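Enquirer: To start, I am sharing the structure in question, which I have written as structure tokens.
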Amino acid sequence: MKIQYIQVAIPVPMRQLFTYQVPVDLQTPTIRIGERVIVPFGSREVVGIVLSTEQQSDIPDNKLKAIKSRITDSFHFDSALLSFLKRCADYYHHPIGDVLKQALPVLLRQIKQPDISLPARWRCTTQIVDLDSLQKKARKQFEIYSLVNKHQSITWAELRTLGFTKSQLTALETKKLVEQYQSQAIKYQWQEPALNEENKLQLSLEQAIIVTAIKENNHEFSCHLVDGITGSGKTEVYLQAMEEILAANKQVLVLVPEIGLTPQTLNRFEQRFNVPICLHHSGLNDSERLQTWLEAQRGSAAIIIGTRSAIFTPLHQLGLIIVDEEHDGSFKQQDSFRYHARDIAILRARQLNIPIILGSATPSLETLQNALSGKYFYHQLLNRAGQSNIAKIELIDVAQQQMQYGLSEHLKGAIDETLTKGEQVLIFLNRRGYAPAITCQTCQWIADCLRCNKPYTLHQGQQLLICHHCGSQKRIPLQCPSCNSTDIQAMGQGTEQLEQRIEELFPDYSTVRIDRDSTRKKGALTKLLQEITHNKHQILIGTQMLAKGHHFPNVTLVALLDVDGALFSFDFRAAEHMAQLLVQVAGRAGRESKQGKVLVQTNFPEHPLLQDLVHNGYGHFAQYALTERKQAYLPPFGFQALFRAEANYPSYPDKFLRALTATAYNGCDLIGPVPAAMEKRAGKYRYHLIVQAKSRKYLHQAVWQLLQTIPKNEWQNKVRWSVDIDPIDLNW
Ligand code: ADP
Ligand code: ZN
Ligand code: ZN
């Protein structure tokens with residue numbers, strides 16, 4: 001008998017499926033689970049995903065709408081991916097329709113379907129080429145040509161990520177040396193010379209033991225934490241662990257932090273394997289992302305490297321997942337579907353029964369605890385690979401020192417010394433803009449964003465006040481609105497101002513600033529990073545953008561100007577994050593063969609956390625932090641969910657959340673409701689309620705029960721609310 005009814009997941013924030021009829025003329029070919037259909041919903045038409053098919057329905061036919069049409073291309077969610085996504089929806093208590101929407105490339109969510117025959121890859125033509133002359137006349141074109149030739153084919157997205165420009169590629173095309181072609185649905189096959197043996201390194205004993213352990217578990221689920229300082233050779237471990245998987249014609253998915261996909265990272269993979277690589281990151285446009293998705297699904301891509309949402313890529317035959325810098329906060333999505341890509345990567349590996357590697361120099365306490373308790377394999381790399389040494393961290397007590405422009409005498413001396421040796425300096429300040437506030441010198445008035453009750457940040461370059469919380473902008477006042485005084489001055493220092501001051505102090509050297517403002521333009525970051533590598537700049541100033549992924553071989557001094565905020569935060573994770581940041585930034589210093597130094601300016605050099613970190617390292621600090629968490633039943637020893645609510649009036653979110661606390665829940669504590677750390681943002685008042693449980697089971701039961709009460713909650717339509725499982729940002 002033909003299917004008549006289907007249950008469809010629709011991208012709306014409702015926690016339910018919707019039943020539709022399938023008219024007879026749409027019943028053949030048989031509807032598959034996971035395919036896309038176009039259905040009427042309210043007054044619109046939307047793309048939904050078929051989740052079940054039935055021959056009967058409890059709802060009378062005259063109450064059911066019929067689907068409009070079916071999208072009968074070859075792209076549907078296969079059953080493995082679908083069951084993975086359902087698990088994700090269950091785990092995060094998030095509507096399945098929205099989960100599926102996020103897993104689907106934008107272009108496949110549209111009613112108007114895209115042209116799937118995208119011009120896809122570049123390859124070399126058969127035209128004879130004089131490589132020597134090309135190398136001499138146009139080095140970049142030569143590099144592109146060699147790369148394309150070695151890989152048989154390459155995507156424009158890859159070339160762009162590696163820092164090449166479209167005009168370089170077009171020049172080669174004009175010379176008829178490369179051409180675009182339509183990549184076919186051919187499954188990737190390991191063919192010699194897929195591995196560039198000459199780039200392979202002789203593993204150290206430490207590394208060899210890890211690679212062996214991973215390989216021994218290649219055929220089943222196993223989770224490996226590779227815990228090793230920056231430069232200890234984790235990437236080499238990944239590369240060698242990938243070999244057997246790729247050689248078995250299986251795919252490898254590599255997840256990297258938001259800004260961790262640098263040309264250097266990509267290069268390492270490119271240079272080792274001559275296999276098709278696909279990318280997925282925020283620098284790609286919708287059709288490029290669709291292309292990656294399709295190539296991964298067809299199995300024509302061997303390696304997929306991507307940020308957070310790459311975890312949803314359909315993969316023809318996934319054999320290994322790698323999560324690099326697993327501790328990184330960017331793996332957690334902070335709005336709507338609040339998943340953690342690392343956590344669901346583990347789920348996916350378990351479902352597919354394949355190994356997963358988590359790598360970090362500063363593992364998250366959650367992961368570390370799983371490794372220490374034996375749930376994961378725990379591999380440590382204690383020495384730096386090659387010949388470089390670990391940078392020494394020193395604390396500078398700024399309370400005891402003369403300061404100029406936020407720099408202590410000691411630090412200025414160290415900068416001078418480093419520059420004189422012809423080496424580079426990295427100065428880290430996690431505050432962009434010119435100054436974090438402006439204030440009236442006469443009456444102490446401060447220019448606050450009224451929508452957030454927080455000071456505006458002064459952006460001198462743009463001549464604007466910008467609120468970093470809601471984005472609102474304002475002209476810089478010439479007069480104090482409170483007392484009419486014209487004596488208005490900047491208070492505190494951001495990267496923009498620091499850049500100016502440093503240029504004054506060290507006029508003989510070139511200073512460059514890397515933050516969200518200076519890298520807004522497409523390709524700007526790549527360009528600046530290249531200039532740094534080529535020693536065009538000697539002093540680098542940056543926010544945490546500079547803390548990740550990039551290798552600056554000539555940087556031998558790293559300075560952190562202001563780390564004190566994290567020492568006294570009420571967020572129990574602040575110390576962990578600060579320690580990770582400090583160690584990651586320190587990891588930028590003194591790679592290659594030069595000895596590096598890290599100077600940390602602080603008012604609290606005796607603080608036990610800083611002392612522990614400096615003298616005993618991250619591992620020791622982390623174990624101590626774990627003991628503290630255990631005593632307080634905090635994650636990873638307790639389990640948390642966070643209900644957030646916001647509205648135009650403070651009483652609404654408060655009352656909405658208070659109503660949730662009416663019942664007691666088995667094995668759980670409800671903490672709150674309390675106003676959020678940012679009590680007001682963009683004009684909305686914000687409150688939250690923490691659900692804390694001793695076991696995951698109790699947590700999920702309680703959250704489920706709480707969600708059941710919401711339809712009856714009289715405040716529900718007056719607030720915007722959300723639930724966050726395993727929240728990492730209590731400081732919202
Ligand atoms: P991580 O990923 O931990 O930062 P990498 O894998 O990037 O470390 O290695 C750091 C540096 O050490 C790189 O320049 C790499 O080429 C080198 N390296 C790694 N493993 C070895 C090895 N076994 N022998 C020699 N050099 C190595
Ligand atoms: Zn005033
Ligand atoms: Zn604001």
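Enquirer: Between the DSSP loop rule and a limit of at most 11 other Cβ atoms within 10 Å, which chymotrypsin sites (Phe, Trp or Tyr not before Pro) in segment 561-665 are left?
Expert: When the chymotrypsin sites (Phe, Trp or Tyr not before Pro) of segment 561-665 are filtered for loop state and at most 11 Cβ neighbours within 10 Å, PHE570 remain.
Enquirer: Same structure again: For the ranges 416-426, 536-546, what's the packing order if you count other beta-carbon atoms within 10 Å of each residue, average per peptide, and put the highest first?
Expert: Taking the mean over residues of other Cβ atoms within 10 Å, the ranking is 536-546, 416-426.
Enquirer: Suppose R0 equals 60 Å; then what is the FRET efficiency for LYS594 and ASN717 from their Cβ-Cβ distance, rounded to the nearest 0.05?
Expert: 0.45
Enquirer: Which value at 222 nm does the chain reach when only helices count, each DSSP H run of 4 or more adding -39,500 (n - 2.57), with the total divided by all residues and rounded to the nearest 500 deg cm²/dmol?
Expert: After summing the helix terms and dividing by residue count, I get -9000 deg cm²/dmol.
Enquirer: Provide, for q = 0.06, 0.09, 0.10, 0.11 Å⁻¹, the log10 of I(q)/I(0) from a solvent-free Debye sum over equal Cα point scatterers in the chain.
Expert: -0.41, -0.95, -1.18, -1.41
Enquirer: Return the whole-Å distance between the Cα centroid of segment 12-72 and the Cα centroid of segment 563-580.
Expert: 50 Å
Enquirer: Continuing with the same structure: Could you tell me whether segment 120-182 comes out rounded, prolate or oblate from its Cα gyration tensor? Rule is a ≥ b ≥ c as square roots of the eigenvalues, rounded for a/c under 1.5, then prolate if a/b exceeds b/c, otherwise oblate.
Expert: In terms of gyration-tensor shape, oblate.
Enquirer: Just add up the charged neighbours of CYS668: K/R +1, D/E -1, any other residue whose Cβ is under 14 Å from the Cβ of CYS668.
Expert: The answer is +2.
Enquirer: Further question on the same structure: Suppose each label sits 7 Å from its Cα in the direction of the beta carbon; what would the ILE671-ASP508 distance come out to in nanometres?
Expert: Inter-label distance under the simple model: 5.4 nm.
Enquirer: Binning at 10 Å from 0, report for segment 320-360 what percent of all alpha-carbon pair distances ends up in each bin.
Expert: 32, 50, 19
Enquirer: Here's something else I'd like to know. Add +1 for every Lys or Arg and -1 for every Asp or Glu among the other residues with Cβ under 13 Å from the Cβ of SER153, and state the total.
Expert: Net local charge, SER153 excluded: -1.
Enquirer: Moving on. Lys and Arg at +1, Asp and Glu at -1: add these up for the other residues within a Cβ distance under 15 Å of SER336 and post the number.
Expert: Once positives and negatives cancel, what remains is +3.
Enquirer: What order do you get for 670-683, 191-204 when each peptide is scored by the mean count of other beta carbon atoms within 10 Å, highest first?
Expert: Ranked from most to least packed, the peptides come out as 670-683, 191-204.
Enquirer: Next up: R0 = 35 Å: FRET efficiency of GLN317 with GLN110, Cβ-based, nearest 0.05?
Expert: 0.75
Enquirer: Using a ≥ b ≥ c from the Cα gyration tensor of segment 373-450 (square roots of the eigenvalues), is it rounded, prolate or oblate, where a/c under 1.5 gives rounded and otherwise the larger of a/b and b/c decides, a/b for prolate?
Expert: oblate
Bear in mind that the values in this text are calculations on the coordinates, not laboratory data. Since the structure is predicted, the reported quantities are computational estimates derived from the model, not experimental observations. Methodologically, a virtual Cβ is constructed for each residue, glycine included, from the backbone with ideal geometry; neighbour enumeration extends over all protein chains shown.
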